[in-house]
Amino acid sequence: MATESESGRRRRCCCGQDASDVPKATEPRGDSDGPRRSSLCDRHCATINNVQGDLSCHLHCPRVPSAMCPSSCCQQYSEEVCESCLVKTTLTAENAVEANKLSNNYKFGFKKWKSHVTERPWEDRSEIVKELYSDLNVIRGSGGSMVTCGNVLYLLLFGWWLSLLYVLVAAVMFITIVGAPYGHLCWDLAGYFLWPFGKVIQKVEVPKSHQALGACEAGAESSSAGESSALLGGPIPRRWSRRCWLDSEHWQRASSVVWLCLGYPLLVVAQGLVCVITWLLIVLIPVAKLSARTITRVLLLPPERVLVRRLRMTEVPLEGEVIVCCYRALNPYYYKYAVDGINVFAVNLLPLVLVTLVLGYVDSHNHLTSSSLKFTLALLSIMPLSYYIGMAIASISAQSNFAVGAVVNATFGSITELTFYITALIKGSREGNRCYAEIVKSALTGTLVGCVLLVPGLCMVIGGIRHQEQRFNSRSAGVSSALLFLSVGGVFAPTLFSKVYGKLVCGECHNVTQNPLGHYLCHNCHFDLMENNGTLYYSHVQPLVYTVSLLLPAAYLIGLFFTLKTHSHIYDIHISDCHMPGHHHSAVVHWSRWRALLILLLSTLCMSACADLATEHISPILTNSTISQYFIGVTVLAMVPELPEIVNGIQFALQNNLSLSIEIGNCIAVQVCMLQIPILVLFTIFYPTNFTLVFSDLHVYASMFSVVLMNYIFMDGKCDYFQGTVLVMVYFILLAVYFFAPSPSGC
């Protein structure tokens, strides 16, 4: 989104040609200024003729006289489009649900979601994406050499031993005699699976002369005459003429029994193993599809109906059904693949959640695995659950009105972090261990610093690789920055108060000069707030904490009212009523509201269980690790749950939508200070824990410096990869400080 300024309001219209969620600012390319001076209607018609994706965007533009619009170019869009572009940024989506989701992305306090919540029209998808979802039964023209790195990798990993296995099964089938037809089939499949590329497995119809009992001679003559018949430009399988003596119903039934008992189970296990491994590797999903179709179709067909052929460039299929035809074993674009709207990475990580829960609660005494492994699994399981929670929130919000969406986002938007924090505080309270409270404070600070420095920094760097300079709405970012300043000041106010009025207490001191009046070296020093039976804390600090915890959510609500009601124009977002040709599609949602709600509740429940396991098995790591507990909390516990948000931000940045990338980090940071911390303070009222809103000096300095640096860089409304590099480097410098810092007191 372009910066809103006096000059920004006179920016001309431009239309995004990718499947991006936002408008892209027009950037000068070289010395040519011709494209920037074209008329609005020229640009609009170019978009109509060349649109690729689900969204067309129009930035601020001056009103163009109708006389400037060529008569041959979309007269119906001339004056109306110019009027709509004059004051608003127009987003055009395929349907109302997607439009609502895009609008929610620009609302403060709503979860930003990149993926679609509805099915995209097939004709709007690129050829690359269409190939991902196509079945392996399409014969296409020559696409170059079949000897590629991916195909050779298949040969080395799977092809040779699959082929050998089929040869062994074929030998077993020939030994049984009655299984000879399946032996011939396995022999043909052995050659196919050694190198399946450029070959086809086809289901053919058996000539009637071969189905009649006792008609072997006629069948042989028919086979001989039909060897040159046009079936994929080649002959009918010769094994019909060799097995006429087995064409009786009795022998066919016996052959099928032998096959289902001796051959099929072994091959199903092997092909299933290949299917699972290649699916988990993602880029080898074509091999997984190949194995799945082999198990479900090829191996269950009568052998005389399976034809394995090598396709030549001049051959065109004329008859029969193509079951499998594979050209490439590896496709790097499968990271875009989705199952029912769920990204393939989230699908593959879902079994990890089940494994974590089973190991965590069945092996509670660590007979099978160690605590470190369980903690790692529990932490990794939070990533897919965060994805499912995010998609469920986006789906419900896109299909509901503003009030329902606001309630769902406010209720479940921070559920991932709060679940872990609360379970950690409960465990620390039960064990009387103050270390858990310090870990929670470190995680809160790590989330704040990471979302202020790492998230926008990575987005700037990765987005800057594709776009030389990126612009964003500095006014909307300024609202989040102001709230961030307010929230950081409020959160650390009790800490600063304790530094001023608290008493410095040290654990042990040593006289380094052997002189009673000389210098002393003290360790484990901190400000004591409990002097005189806690008069300072209970009379002054605690009331201040409660006051801040009430004011911060109130400020958050005021910010919501400001950005969503009274000053919503600062986002300049308008959902267009005029759809591009070919975009009149009804919404087919991936998840209905009730289904999304059910998934949201189940994911939250699993999240609570994984958080409980993580806090249960973190003790050995805290006690035995030589790394500072500060570092563990700031990095692992803080940023792992935010990985889905980081991926969303990077995707937005790649599409030149840095505004949403910045808002993702700012909104999380604001929610940490204005919602999560007050909720934790409120929780301690009803369930006393060791959590107090007094942070260490390191947390205070790191947070304040990060916020100041972020506001300085975002001041002009534009950025590049160098500024992103600065943010990322500062983040890693702070991580180095935490790494070498001594463990907090109480750990």
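Things worth noting here:
- Filter result (of a type in the set (Asp, Glu) and under 32 Å from the mean Cα position of the chain (by Cα)) within segment 652-701: GLU663
- ILE426 within 13 Å of LEU600 (Cβ to Cβ) and either modelled with pLDDT under 85 or surrounded by fewer than 18 Cβ atoms within 10 Å (Cβ to Cβ) (or both): no
- So ALA378, is it in contact with a His (Cβ under 9 Å, 6 or more places away or on another chain) and either of a type in the set (A, V, I, L, M, F, W, C) or more than 14 Å from PRO644 (Cα to Cα) (or both): yes
One line per residue, one yes/no per condition, for (1) in a loop (DSSP other than H, G, I, E, B); (2) in contact (Cβ under 8 Å) with a residue 60 or more places away in the chain:
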site	(1), (2)
ARG140	yes, yes
GLY159	no, no
LEU165	no, yes
ALA171	no, no
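- Qualifying residue in segment 186-195 (condition: closer than 16 Å to TYR327 by Cβ, in a loop (DSSP other than H, G, I, E, B) and either at pLDDT 85 or above or open to solvent by 50 Å² or more (accessible area, probe 1.4 Å) (or both)): yes
- Screening ILE618 with (1) surrounded by 24 or more Cβ atoms within 10 Å (Cβ to Cβ); (2) within 30 Å of ARG466 (Cα to Cα) gives one miss only, at (2).
- Scanning segment 412-435 for residues that are hydroxyl-bearing (Ser, Thr, Tyr), assigned to a helix (DSSP H, G or I) and under 20 Å from ASN666 (Cβ atoms) yields one hit, THR416.
- Selected residue (criterion: modelled with the highest pLDDT) from residues of segment 402-423 that are among the aromatic types (Phe, Trp, Tyr) and buried (at least 18 other Cβ atoms within 10 Å of the Cβ): TYR421
- When residues of segment 112-131 are limited to those that are among the basic types (Lys, Arg) and under 22 Å from VAL647 (Cα atoms), the one farthest from the chain's Cα centre (by Cα): ARG125
- Criterion: over 25 Å from the mean Cα position of the chain (by Cα), surrounded by fewer than 21 Cβ atoms within 10 Å (Cβ to Cβ) and outside the structural domain of ILE646 (by the TED database) - qualifying residue of VAL355, VAL339, VAL347, VAL322: VAL322
- Some residue of segment 713-725 being modelled with pLDDT of 90 or more and surrounded by 14 or more Cβ atoms within 10 Å (Cβ to Cβ): yes
- Any chance GLU98 is open to solvent by 40 Å² or more (accessible area, probe 1.4 Å), of a type in the set (Asp, Glu), part of a helix (DSSP H, G or I) and modelled with pLDDT of 50 or more: no
- Pairs with Cβ under 6 Å, 6+ apart, first in segment 688-699 and at negative phi, second crowded, with 17+ Cβ neighbours inside 10 Å and among the basic types (Lys, Arg): ASN690/ARG434; PHE695/LYS441
- Test: residue in segment 230-249 that is modelled with pLDDT of 80 or more and in a helix (DSSP H, G or I): no
- So TYR361, is it of a type in the set (Phe, Trp, Tyr), part of a helix (DSSP H, G or I), open to solvent by less than 70 Å² (accessible area, probe 1.4 Å) and not assigned by the TED database to the domain that holds THR635: no
The values are calculated or read from the model by the stated rules, or taken from the named source; none is laboratory data. Predicted, not measured: the structure shown is a model, and the values here were computed from it. When we count neighbours, we look across all protein chains shown, and the Cβ atoms used for this are built from the backbone with ideal geometry, even at glycine. The protein model used for the area step is the full one, side chains on, heavy atoms only, and it has no ligands, DNA or RNA in it. Shrake-Rupley method; radii C 1.70, N 1.55, O 1.52, S 1.80 Å.
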